[in-house]
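Have a look at the structure below before the remarks.
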Amino acid sequence: MKVVVLGAGLMGREIARDLVNSEGVTQVILADKRLIEPQLLEQFDSSKIQTVVMDANDEQQLKDVMAKGQAVVNALFYEFNERVAKAAIDVGVHLVDLGGHIDGVTDRVLELNDVANEKGIVIIPDMGVAPGMTNVLVGYGASKLDIVETVKLYVGGIPVEPKPPLQYAHVFSLDGMFDHYTKPTIVVERGEEQLKRSLSDVEQIYFDGFGILEAFYTSGGISTLHRSFPGVQTLAYKTIRYKGHAEKFELLAALGFLDTEQQVTLGEQRVHVRDVTREVMKEKLALGDEADAVLLRIVVGGEKSEQQVTYEYELTVKKDATFASSAMARVTGATASSVVQMILDGTILERGVRPPEVAVPGAKYIEEMAKRGIDIQETKHQSSMIVRW
């Protein structure tokens, strides 16, 4: 198996690390717009890794690099996802991307289904943690039910110790987080789709070792689930943070600090306020050497053989001293790497552009995560017989 990884940031490097450590992978090509520093390559300690300088804005460069592999994992910022998907079709290579279901990006990738199918390739968008892992677990739980009625998703990447003043340290792109906090989110209530304001409807949620946290609406996490399960009565995605986080970011959003359009004049220059906010927070919210954690709880409920049945999936992963990367990068890397290998080894056979909840076999995915020390716990709750009059 030869796999190209686009983007040598934290997520891209961790995807490459997981691939390099996978027995069936023979070569990993890590591509980035900047020359990758030798000390970063030393982490891999493998002859399988090769680096390439590539500008993803140059269509020909992008295609030339992608053509070096049998499959590609796209770890670039989500604004590149559609461009990379079209390039994958042109070149004829399989593709997994980390998603970013904002402003219709994933929808435009899904529209390429017919031409991808004709080319005989598999494209799975939104294959990170949330969306991604969440979708696979929802699909797995739903496959065990006759009727799916309720889907609730709670996910968060947080520092193990809350970090003042926002009780947070960033474990992925701040621009991505700002988008998730400012765009509206789709929810389903009583079978009807609605748009809700992000950072709203704060509720308490408990995790062992962390105590009582908060969860609130953010955009992007629903991904394609509302279309894959059109009859669902309740569907909602919430982000997990330490208590008080949402209120503080609501204030920043209300003041325009996260607005992509708002500008101010400083001397002779017009400056975007969000650019300033991002640069300040990069320093203030840097994780550094501190440990982070990924928390996840998925609830899928409905009917099975005329009984009410609910499946819960729960995950807590803290940064491990044996890994240089964050817990978020580790879980993301393991997810994208294992899925692209499922495509190449024939576990995933159906061609075209398919969302994770449809494309990825849940039992196999959970097994692959367990091999990497990422243990997803499944709990089943079953109630008495349903009586209809």
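Read-outs throughout are calculated quantities, based only on the coordinates presented, and are distinct from any laboratory measurement. Just so it is clear, the model here is predicted, and its values are computed rather than measured. Positions of Cβ are backbone-derived with ideal geometry, glycine not excepted, and every protein chain shown enters the neighbour counts.
Couple of notes before you dig in:
- FRET efficiency estimate (nearest 0.05) - Cβ-Cβ, ALA254 to ASN113, R0 45 angstrom: 0.70
- Size of the chain: Rg and Dmax of its alpha carbons, in Å, are 20.7, 74.
- Screening the chain for whole DSSP H helices with an alpha carbon extent of at least 20 angstrom along the helix axis and a mean Kyte-Doolittle hydropathy of at least 0.5 yields 327-344.
- Antiparallel bridge percentage (DSSP; both residues within the chain; nearest 5): 65
- With K and R counted +1 and D and E -1, the other residues having a Cβ less than 15 Å from that of ARG227 yield a net charge of -4.
- Amide hydrogen proximity for LEU199: with H placed 1.01 Å from N in the peptide plane, the residues at 5 or more positions away or on another chain lying under 5 Å are TYR217, THR218.
- Environment charge of ASP58, counting only residues whose C-beta is closer than 10 Å and scoring Lys/Arg +1, Asp/Glu -1: -1
- A Förster radius of 41 Å, combined with the Cβ-Cβ distance separating THR150 from VAL271, puts the computed FRET efficiency at roughly 0.35.
- For VAL53 and GLU378, a Förster radius of 41 Å and the Cβ-Cβ distance give a FRET efficiency of 0.40, rounded to the nearest 0.05.
- Computed over the chain with a Gaussian network model linking Cα atoms closer than 10 Å, the most mobile of ASP90, ASP259, ASP289 is ASP289.
- Among 213-221, 105-113, sorting by the average number of other beta carbon atoms lying within 10 angstrom of each residue, highest first, gives 213-221, 105-113.
- Taking the centroid of alpha carbons for each part, the range 181-200 and the range 205-227 are 13 Å apart.
- Sum of side-chain charges, LEU145 neighbourhood, beta-carbon under 14 Å (Lys, Arg +1; Asp, Glu -1): -4
- Taking the empirical scaling 2.2 N^0.38 Å for compact globular proteins as reference, the range 133-325 has a Cα radius of gyration ratio of 1.14.
- Simple Cβ-charge dipole of the chain, Lys/Arg +1 and Asp/Glu -1, about Cα centre, in debye nearest 20: 280
- Selected from LEU252, LEU19, LEU344 as most flexible by GNM, with the chain as the system and alpha-carbon contacts under 10 Å: LEU252
- Only one residue of VAL273, GLY132, HIS170 has its Cα farthest out toward the positive end of the dipole of the chain, where Lys and Arg carry +1 and Asp and Glu -1 on Cβ, and that residue is GLY132.
- Helical contribution to [θ] at 222 nm, DSSP H n ≥ 4, -39,500 (n - 2.57), averaged over the chain, rounded to 500: -9000 deg cm²/dmol
- D (Stokes-Einstein, µm²/s), Kirkwood Cα radius, the range 290-344, 1.306 mPa s at 10 °C: 117
- In this rough spin-label picture, where each label sits 7 Å from Cα along the Cβ direction, the THR26-THR347 distance is 2.1 nm.
- Given LYS238/LYS318; LYS144/LYS319; LYS243/LYS318, the pairs whose alpha carbons are separated by over 28 Å: LYS144/LYS319
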